[in-house]
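Have a look at the structure below before the remarks.
Every read-out reported here was derived from the displayed coordinates using simple, explicitly stated rules and does not represent laboratory data. Computed from a predicted model, the values in this text were never measured in an experiment. No Cβ is skipped: glycine too gets one built from the backbone with ideal geometry, and neighbour counts run over all protein chains shown.
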Amino acid sequence: MLETFDAPDSTLSCSRRDVTNVAPQALALMNNHYVFERAREFAARLRKQDGDDHSAWVVDGWRIALGRTPSDAEQQRALGMLSKPDSQAALVEFCLMLFNLNEFIYVD
């Protein structure tokens, strides 16, 4: 996982690290077992904290992952995502989606 995201070689000194944006990075975040398990743990945290309140999942998920509240449009889209019959699976997908947002991955 670290190699996919340009982890530095700790045996060499360098004044500047190379930075790449390549497809394997996005695929790793969407399909990697480690990331999926973190999404499941995040979903369990939200469910424990907020019960079955979908709106609270969205607000708290955004605050924890991104450090801000969602906009009205973001909240509506996320609630649509969480309206699936299997709310547990939808919550895990929601958490995985948060991990795949550019805002989560890159510092502006």
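Can you pull out the chymotrypsin sites (Phe, Trp or Tyr not before Pro) in segment 24-108 that DSSP calls coil and that have at most 10 other Cβ atoms within 10 Å?
Tyr106
I want to check the label-to-label distance for Ala73 and Asn31. Put each point 7 Å from Cα in the C-beta direction and report it in nm to one decimal.
That separation, rounded to one decimal, is 3.1 nm.
Mind listing which trypsin sites (Lys or Arg not before Pro) in segment 27-108 are in a DSSP loop and have 14 or fewer other Cβ atoms within 10 Å?
For trypsin sites (Lys or Arg not before Pro) across segment 27-108 that sit outside H, G, I, E and B with at most 14 neighbouring Cβ atoms in 10 Å, the list reads Arg68.
Place a point 7 Å from the Cα of Arg40 along the Cα-to-Cβ direction; which residues of segment 85-103 have their backbone N under 13 Å from it?
Those under the cut-off are 89, 92-93.
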